[in-house]
Amino acid sequence: MQFGITFDYLCPFARNATEAVLNGVEEGRDWQPRYVAFSLSQVHTADEDPDVWDKPNGKSGVLALQWGLAARDYFPDVFPAVHRALFAARHDLGKDINSEQVVRDAVSSGGADADALSAIVASGAPLEALAVDHLEAAGEWDVFGVPTFLAGDDATFVRFMNRGDVDDLQRVLDMLGWSNLNEFKRTRIAR
């Protein structure tokens, strides 16, 4: 099954869903995910302010997105581990992913060559990729947040409460083609 999943390392729900995708792929599920960067900082940028890909300094999460996109686009063999490590730096370790050293340490722990990724980030290519991913997701599927699953012409925003649960993800993937349900949202979470 082919599908896209939007992500931003700032979001714990994106981490939960991404880990489920990565776990399912590692288990051998017949999934062909496309990881689509979507900047939550861009969503919260005022109309008169520059886009985060035009002026990324100080925009929360954009640095980590650049390094993740560099791994995705240039070193796909280590991308899954780098992807996990960037989410872990933010959500498990409570680190500031706006710090280049934190991001370097995370990608290194994921098995990537931090110097090689740094050179790619310096080239500006990941910022261009962020703009393309974000604008495509917002323009073609009306994406407003992460994680959103993209399948054909449909986009579905989902928040998983449990980390990395492949069975939860399979339920959602099975429902992606069912368009008679627009929204299913609990008013309370019993936790």
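How big is the C-alpha Rg of the chain next to the rule-of-thumb value 2.2 N^0.38 Å, as a ratio?
1.00
With everything on Cα atoms, drop me the angle between helix 12-27 and the longest principal axis of the chain, reported from 0 to 90° to the nearest 10.
80
Under a Cβ-Cβ cut-off of 13 Å, what is the net charge of the residues other than LYS95 that fall near it, where Lys and Arg count +1 and Asp and Glu count -1?
With Lys, Arg at +1 and Asp, Glu at -1, the net is -2.
Where a Cα-Cα gap under 29 Å defines reach, which lysines qualify for LYS95, not counting those fewer than 8 residues away within the same chain?
Cα-Cα hits under 29 Å: LYS55, LYS59.
Count charges around ALA106 for me, please; just the other residues with Cβ under 10 Å from its Cβ, Lys/Arg as +1, Asp/Glu as -1.
+3
Working from Cα positions, state the angle (0 to 90°, nearest 10) between the long axis of helix 100-109 and the longest principal axis of the chain.
60
Percent antiparallel among DSSP beta bridges with both residues in the chain, to the nearest 5?
50
Let me check I've understood the local charge: for SER118, count other residues with C-beta under 11 angstrom from its C-beta, Lys and Arg +1, Asp and Glu -1. What total comes out?
Local net charge: -2.
Where the centroid of each part is defined by its Cα atoms, how far is region 28-61 from region 165-191 in Å?
Value for the Cα centre distance between the two parts: 24 Å.
Could you give the dipole magnitude of the chain about its Cα centre, charging the beta-carbon of Lys and Arg +1 and that of Asp and Glu -1, in debye to the nearest 20?
For this selection, approximately 780 debye.
Using DSSP to define loop residues, name the GluC sites (Glu not before Pro) in region 1-74 whose beta-carbon has at most 12 other beta-carbon atoms within 10 Å.
Within region 1-74, the qualifying GluC sites (Glu not before Pro) (loop, at most 12 other Cβ atoms within 10 Å) are GLU48.
Readers should treat all values here as calculations from the given coordinates under stated rules, not as data from a laboratory. Not measured: the values here are computed from a predicted model. Here Cβ is always computed from backbone atoms with ideal geometry, including for glycine, and neighbour counts include all displayed protein chains.
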